[in-house]
Amino acid sequence: MLGGALVFLAFVLYLPVLRHLFRFSILHPIDLAICLTAGVFSIFWFEQLKILHKRKLASTSH
């Protein structure tokens, strides 16, 4: 599912006909880097929250 969504998004962003249809502009390398950084940061953040939540549950159950 994720792979299909990424492929469709790549088509929409980089095929001129689809890009014009959806009225998008080309993503420059810095834009892609910002998106990648934000994605990695959000995954890291939520994983840390899950770890803290598990520790809190473990400490309150004793």
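The values are calculated or read from the model by the stated rules, or taken from the named source; none is laboratory data. Just so it is clear, the structure is predicted and the values come from calculations on it, not from any experiment. Glycine also receives a Cβ, built like all others from the backbone with ideal geometry; neighbour counts cover every protein chain displayed. We work out accessible area using only protein heavy atoms, side chains counted, and drop any ligands, DNA or RNA first. Shrake-Rupley method; radii C 1.70, N 1.55, O 1.52, S 1.80 Å.
At 0.36 nm per residue, and after removing the present C-alpha to C-alpha distance, how many nm does the segment from V40 to H20 gain when stretched out fully? Intermediate results must be reported in sequence, preceding the final value.
On the way: separation 20, 0.36 × 20 = 7.20 nm, distance 2.92 nm.
Difference between extended and current length: 4.3 nm.
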Among A10, Q48, C35 the positive-end extreme of the charge dipole of the chain (Cβ point charges): Q48
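Please report, as a whole percent, how much of the solvent-accessible surface of the chain comes from carbon and sulfur atoms (probe radius 1.4 Å).
Using a 1.4 Å probe with all protein chains present, the chain comes out at 77 percent carbon and sulfur.
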Heavy-atom accessible area per residue of the chain, all protein chains kept, 1.4 Å probe, expressed in Å², is 93 Å²
Size of charge dipole - the chain - debye, nearest 20, with Cβ of Lys, Arg +1 and Asp, Glu -1, no other charges: 260 debye
At 1.567 mPa s and 4 °C, Stokes diffusion of the chain via Kirkwood alpha-carbon radius, µm² per second: 89 µm²/s
